[in-house]
1. Tell me, what is the 1.4 Å probe accessible area of Met352, in Å² to the nearest 10?
2. Using a Förster radius of 35 Å, what is the FRET efficiency between Val2 and Arg47 based on their Cβ-Cβ separation? Nearest 0.05, please.
3. If r is the Cβ-Cβ distance from Arg325 to Phe403 and R0 is 25 Å, what FRET efficiency results, to the nearest 0.05?
4. Would you calculate the separation in nanometres between label points at Lys414 and Val108, each defined as 7 Å from the Cα along the Cα-to-beta-carbon direction?
5. Give me the distance in nm between label points sitting 7 Å out from Cα along the Cα-to-Cβ direction at Asp237 and Arg162, one decimal.
6. Could you give the Stokes-Einstein D for the chain in µm² per second, using the C-alpha Kirkwood radius, 37 °C, 0.692 mPa s?
7. So for the pair Arg70, Arg310, with labels modelled 7 Å out along Cα→Cβ, what separation do we get in nm?
8. Restricting the count to DSSP beta bridges whose residues both fall in the stretch 1-152, what percent are antiparallel, rounded to a multiple of 5?
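The values are calculated or read from the model by the stated rules, or taken from the named source; none is laboratory data. All values reported here derive from a predicted model rather than from experimental measurement. In this analysis, Cβ positions are derived from the backbone assuming ideal geometry, glycine residues included, and neighbour counts consider all displayed protein chains. Note: areas computed on protein heavy atoms with side chains; ligands, DNA, RNA excluded. Shrake-Rupley method; radii C 1.70, N 1.55, O 1.52, S 1.80 Å.
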Amino acid sequence: MVAAPVILWFGLDLRLADNPALTAATARGTGLVPVFILDDEDAGPWRAGSASRWWLHGSLESLSRSLAERGAQLIFRNGRAEAVLDELLAETGADAVYWNRRYEPWAVARNSRIKRALRSRNVEARSFNASLLREPGTIMNGTGEPYRVFAAFWKRLRNEHRAESPLPAPKAVSASATEVRSERLADWKLRPSAPDWSDGLRAAWTPGEQAAQRRLRQFASGAAAAYREQRDRPGIDGTSRLAAHLHFGEIGPRQIWWEVTEQAMRDIGIPVSPGIETFLSEVAWREFSYHLLFHFPALPEAPLRAEFKRFPWKRNAKGLAAWQRGLTGFPIVDAGMRQLWKTGWMHNRVRMIVASFLVKDLLIDWRVGEKWFWDTLVDADLASNAASWQWVAGSGADAAPFFRVFNPGLQGSKFDPHGVYVRHWVPEIARLPDSLIHTPWKATAIELEAAGISLGCTYPTPVVDHALARERALDAFQAIKSRTSP
Ligand code: FAD
């Protein structure tokens, strides 16, 4: 008699190496039914955005190829996961479902429901951790509460985490004997067609596990060494650009930790350089965001600090459109928003600047910016995006104080001192000298003419006066603060 197969349900773990659910399913020695379910219904408002969908298509193609090379076919199904898994159990006679855990509130609720239902019918249901160094609930403070301050969280994680050798990818995957119907990935239309706006994405990225591994190795043997000094400079390719690979689980943090610490050992014989130490702490920000999302599931929708529920956000359609299109008249903001639109990615320093500008200069609700990022970032991630927006808005757990308002001109001069980044993304002002590249409104008529700029015509005049906008933001903040004071 042929042993009943196991369904391997892929989610945000689109890889074969260091994939504990796959390793366990393969070890079972029965046939495997690997499936990816596009469940937009359960995800609701947090279904993948446009740029993420583009990435997902490429990632699934890559995973499907890797499985085929090992003898198994990835099944594509669209619909509510509960119903699809029931159909597959009936069609294949499988007696087990294995998967790696997810942490978005909607996925936690859905997957717990599924696990209970399967077990009540004597179907073996097992889940594993593939995407975090430490799962929520395993790092709590002295009083058993979740950490709200990153520094304390990081100190604990750094002290306790030991690099582990990642699980190897299985050499072969034994497919189930039953032929299983699959939908066609192309029919899901994850990639844009009319119009196809994805040229910039295609030029910038290669989704998939092999590309993720290449990028990690390239970073570990290159930019990682100077990461601490260069990570804040948007004009330099000084960061790993691994965020989307990490989001889709094409690579996991355990593999990253192992590679960068081992690489350092191999190269210079000491465990970790300052550059790598800083890089690991950034990877830990991702972990911290996941812990926050798990313990405060309203994080994407509601401010963690109660007083911000009354913040007098403004509706400002003109300001919002200028921000989205990169036409605010503030070069560093415009460069960032154009980089995002064109490539689906923006440098972290510039994300902070454009977010501060939306929230504090334009007084637009952070959730509006969060949604825009959700749709346009290839690395859009519910935990990191929500935690970061709340950090910038000042409404989060460990947040930048609201009264610290980024000055876009000064931020530009400090982090892009020679205007390399701005000149690339805002070429219409490229001929301004370094001293004016971040503040074209300060240029004289002669200087503008020499640079071929007609302010208000070839490049916008600033949509706000930053000094006045800052005062307005501080007044609004004072108002919500004084209403909560005794
Ligand atoms: P690196 O500098 O190479 O960092 C390595 C990895 O650490 C990243 O790939 C990422 O997984 C993690 N990381 C780094 N910084 C942070 C951070 N501040 N918070 C959480 N994780 C971090 N990151 C996302 O992955 N998805 C998002 O949707 C997202 N939205 C953001 C929104 C705002 C307003 C801001 C200010 C930041 C946001 N970030 C988000 C965090 C950060 O900007 C990106 O992770 C980083 O720019 C990705 O580039 P990288 O892979 O080269 O990062």
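1. Probe radius 1.4 Å; accessible area of Met352 about 30 Å².
2. 0.40
3. 0.30
4. 3.5 nm
5. Going by the 7 Å Cα→Cβ label model, 3.8 nm.
6. Translational D for this selection: 136 µm²/s.
7. Going by the 7 Å Cα→Cβ label model, 5.6 nm.
8. The answer is about 5 percent antiparallel.
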